[in-house]
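This report concerns only the one structure given below.
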Amino acid sequence: MSKLKAMKSVSEKDSDSNPIYTIAGIGVVLIGIAVVYLALFGPSPTIDLDKLEGNANFKGNPDATVRIVEFSDFQCPACGFGFTQLQQILPQYLDRVKFTYRHFPLNNVHPYAQKAGEASECAADQGKFWEMHDTLFTNQENLTIPNLKSYAQQLNLNQQEFDACLDSSKHASKVASDFSYGASIGINSTPTLYVNGEKFSNLTAEQWKQALDSKLA
């Protein structure tokens, strides 16, 4: 009889302690949910805008309060779409916005992206980065080295200088440096854009207009 009482006593103690364990378990689950929520929807880490822009090609107002930085790949189809959308809107805002382009060639899937990036920098040496930038995005399916040299001719660049620049991989390290920096801040896809440090992916022309109007308000 005493043994049954003892067993009952132990059972009662276990029963009494269950709510505590249950509450503790719920607490752990809630903490886990909170951590995941903050990771997904919480404030982004502060990004140094000067480092984000780096020593990269830009257009627009250098003193603008709204600063856009794009990490992109000239062979990336999504980047090509993004280019067409931004081109519809950006010219209207260039007096109030600074737009910076940085390279993020996804070489494992886009074998011509690295050289295309280098070609844009070779064009920049002759003051025509943006002309080459636009040409490359307009001709994404034709980015072989002969194509790149042909585009230089179309843009009236000094052909000998351009060819020497491209053939020597003069700007390979600059393109690679952009990629390394982008990877270091968590970029893993293209296009990735930042507006005053706030991260965006591809936007339509209308979404760009809304975003810029909001930032400029």
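General remarks:
- Residues that are within 15 Å of the chain's Cα centre (by Cα), in the same structural domain as residue 197 (by TED's automatic domain parsing) and either part of a loop (DSSP other than H, G, I, E, B) or at pLDDT below 95 (or both) are absent from region 58-71 altogether.
- The condition of being farther than 17 Å from residue 79 by Cα, in contact with a Leu (Cβ under 9 Å, 6 or more places away or on another chain) and not small (Gly, Ala, Ser) holds for only one of 98, 115, 128, that being 128.
- Condition met for residue 157 (crowded, with 16+ Cβ neighbours inside 10 Å, closer than 21 Å to residue 113 by Cβ and under 24 Å from the mean Cα position of the chain (by Cα)): no
- Residues in region 119-128 that are closer than 11 Å to residue 157 by Cα and touching a residue at least 24 places away in the same chain (Cβ under 8 Å): 122, 123, 124, 125, 126, 128.
- Enumeration of residues in region 184-204 that are closer than 15 Å to residue 54 by Cβ and part of a loop (DSSP other than H, G, I, E, B): 185, 187, 197
- Among (1) in contact with a strand residue (DSSP E or B) (Cβ under 8 Å, 6 or more places away or on another chain); (2) part of a helix (DSSP H, G or I) - the single one residue 89 does not satisfy: (1)
For every residue, the table says whether it meets (1) assigned to a loop (DSSP other than H, G, I, E, B); (2) small (Gly, Ala, Ser); (3) without any contact (Cβ under 8 Å) to a residue 40 or more places away in the chain; (4) within 16 Å of residue 105 (Cα to Cα).
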| residue | (1), (2), (3), (4) |
| --- | --- |
| 137 | no, no, no, yes |
| 153 | no, no, yes, no |
| 162 | no, no, no, no |
| 182 | no, yes, no, yes |
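- Here residue 20 clears all of (1) at pLDDT 50 or above; (2) loosely packed, with under 10 Cβ neighbours inside 10 Å; (3) not basic (Lys, Arg) except the condition numbered (1).
- Lone qualifier among 169, 173 - being within 22 Å of residue 76 (Cβ to Cβ), in a helix (DSSP H, G or I) and not aromatic (Phe, Trp, Tyr): 173
The values are calculated or read from the model by the stated rules, or taken from the named source; none is laboratory data. The structure presented is a predicted model; accordingly, all values stated were derived computationally and were not measured. Counting neighbours? That spans all protein chains shown, and the Cβs are built from the backbone with ideal geometry, glycine included.
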